[in-house]
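> Let me give you the structure first, and then I'll get to my questions.
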Amino acid sequence: MTTLFKSEEGKAAILKLYDQKLQELNIEYRAKTIESIYGKTNILITGSSSNPPIFIIHGANGCAPIGLDTYPNLCNKFEVYAIDVLAQPNKSAATKLSMKDDSYGKWINDLIEKLNLKEVTLVGFSFGGLVILKTLINNATNIKEVFLASPAYIVNGNPLKLLFKVFIPMKRFMKSKKSKFIEKFLFELFTERDNFAIEYLSKVFLYFDMDFTPVPVISKSEAQKIVTPITLFAAKKDIMFPGKKMIKRAKNIFQSLKETHLLEQSKHVQNKADNDKIEGLIMQTENI
């Protein structure tokens, strides 16, 4: 069986943290495995089945429990499906999909079909935003609305800045295992210090085969085909996907852009106050 974990010990260490985060959430949930067109997909489901469905799609090098932790109250108004994205350090298959076609979109739509869902709201952070946009491009029939937080695939940051502030500290940590380098990496991307992220990413950087493929950006012609309502949250201090640049381009290319919000105080990974704001706006869309 294909795996992206570099060792069984490394896999055990990462999945132990996965389970620890899930346990700390102290929520009622059920885990479901879907045999998708691209392999096993693990999904954590919480909230009442009588509520409308919502998917939470996490970012690169993440996992479903992080998504549930970011938006913990969505389960009060939705049936929440937190997806373990393929080829990431979690419990789904190691299948690597291309960012150049709509494979990620085919995958999400396949999950929706196999779960027999309609009128699904999609929420995605960072790389999860790319997955969502690919889903809309592939087939938006069963998608009601989407919310994107610091999404990939609309704009990219300055590559030299990213090299020195993000990539080099990550590589230096992988080589030396010195905590000061992962602290530097996280300082550039996280608005608030996150102890779980430090512990989790320390293991991921060492024991998981990460994908360093450059993230493309959506073409204007593809973007203009999208008709599903989009609410966009962009972070002003985000060096990966700069907020002002993102909003400017989004307004130019998306005909279905419903709202944009520039998060003045956040870096790439939002602070709790901004996550609460995002969650509140999502919940306002359902009059339950």
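> Going through the stretch 53-76 one residue at a time, which ones are farther than 20 Å from Q20 by Cα and in contact with a Phe, Trp or Tyr (Cβ under 6 Å, 6 or more places away or on another chain)?
I54, F55
> Can you name every residue in the stretch 177-210 that is of a type in the set (D, E, K, R) and touching a Lys or Arg at 6+ places or on another chain (Cβ under 7 Å)?
Within the stretch 177-210, E188, E192, D209 meet the criteria.
> While we're here: Which residues, counting only those in the stretch 179-197, are touching a strand residue (DSSP E or B) at 6+ places or on another chain (Cβ under 9 Å) and in a helix (DSSP H, G or I)?
L186, L189, A197, listed by residue number.
> Exactly one condition in (1) part of a helix (DSSP H, G or I); (2) surrounded by 21 or more Cβ atoms within 10 Å (Cβ to Cβ); (3) not aliphatic (A, V, I, L, M) is false for K11; which is it?
Looking at each condition in turn, K11 falls short on (2).
> Suppose the filter is buried (at least 18 other Cβ atoms within 10 Å of the Cβ), under 20 Å from the mean Cα position of the chain (by Cα) and closer than 19 Å to K203 by Cα; does Y38 pass it?
Taking the combined requirement at face value, the residue does not satisfy it.
> Exactly one condition in (1) β-branched (V, I, T); (2) farther than 29 Å from S176 by Cβ; (3) in contact with a Gly (Cβ under 8 Å, 6 or more places away or on another chain) is not met by I226; state its number.
Among (1) β-branched (V, I, T); (2) farther than 29 Å from S176 by Cβ; (3) in contact with a Gly (Cβ under 8 Å, 6 or more places away or on another chain), I226 violates only (3).
> In this structure, is I45 surrounded by fewer than 21 Cβ atoms within 10 Å (Cβ to Cβ), out of contact with any helix residue (DSSP H, G or I) (no Cβ under 7 Å at 6 or more places or on another chain), in a strand (DSSP E or B) and at negative phi?
Taking the combined requirement at face value, the residue satisfies it.
> Same structure again: Which of the residues that make up the stretch 99-134 are under 16 Å from the mean Cα position of the chain (by Cα) and either part of a loop (DSSP other than H, G, I, E, B) or of a type in the set (A, V, I, L, M) (or both)?
Result: M99, I108, L122, V123, S126, L130, V131, I132, L133.
> Restricting the first residue to the stretch 93-113 and requiring it to be closer than 18 Å to A223 by Cβ, which pairs with a second residue that is polar (S, T, N, Q) and surrounded by fewer than 21 Cβ atoms within 10 Å (Cβ to Cβ) meet a Cβ separation below 6 Å and a spacing of at least six or different chains?
Matching pairs, first to second residue: D102/N138; G105/N138.
> Moving to a separate point now. Could you list, in sequence order, all residues of the stretch 91-141 that are at negative phi, of a type in the set (S, T, Y) and buried (at least 17 other Cβ atoms within 10 Å of the Cβ)?
Hits for the stretch 91-141 are S92, T95, S103, Y104, T121, T135.
> If you check P52 against the conditions, is it more than 15 Å from the chain's Cα centre (by Cα) and closer than 28 Å to A273 by Cβ?
Spelling it out, P52 is indeed more than 15 Å from the chain's Cα centre (by Cα) and closer than 28 Å to A273 by Cβ.
> Considering every residue within the stretch 158-173, establish whether at least one is in a loop (DSSP other than H, G, I, E, B), in contact (Cβ under 8 Å) with a residue 24 or more places away in the chain and farther than 26 Å from Y18 by Cα.
Yes, the stretch 158-173 has at least one match.
> Every residue in the stretch 23-42 that is in a loop (DSSP other than H, G, I, E, B) and touching a residue at least 12 places away in the same chain (Cβ under 8 Å), please.
Listed by number, the residues that qualify are I27, E28, Y29, I37, Y38.
> Residue by residue through the stretch 55-79, note down the ones that are surrounded by 24 or more Cβ atoms within 10 Å (Cβ to Cβ) and in a strand (DSSP E or B).
Listed by number, the residues that qualify are F55, I56, I57.
> Next question, about the same structure. Can you tell me which condition T2 does not meet? The list is (1) assigned to a loop (DSSP other than H, G, I, E, B); (2) modelled with pLDDT of 95 or more, and all the others hold.
Checking T2 against (1) assigned to a loop (DSSP other than H, G, I, E, B); (2) modelled with pLDDT of 95 or more, the one that fails is (2).
The values are calculated or read from the model by the stated rules, or taken from the named source; none is laboratory data. Quantities reported herein were computed from a predicted structural model and do not represent experimental measurements. Neighbour counts are summed over all protein chains in view; Cβ atoms, including those assigned to glycine, are modelled from backbone coordinates with ideal geometry.
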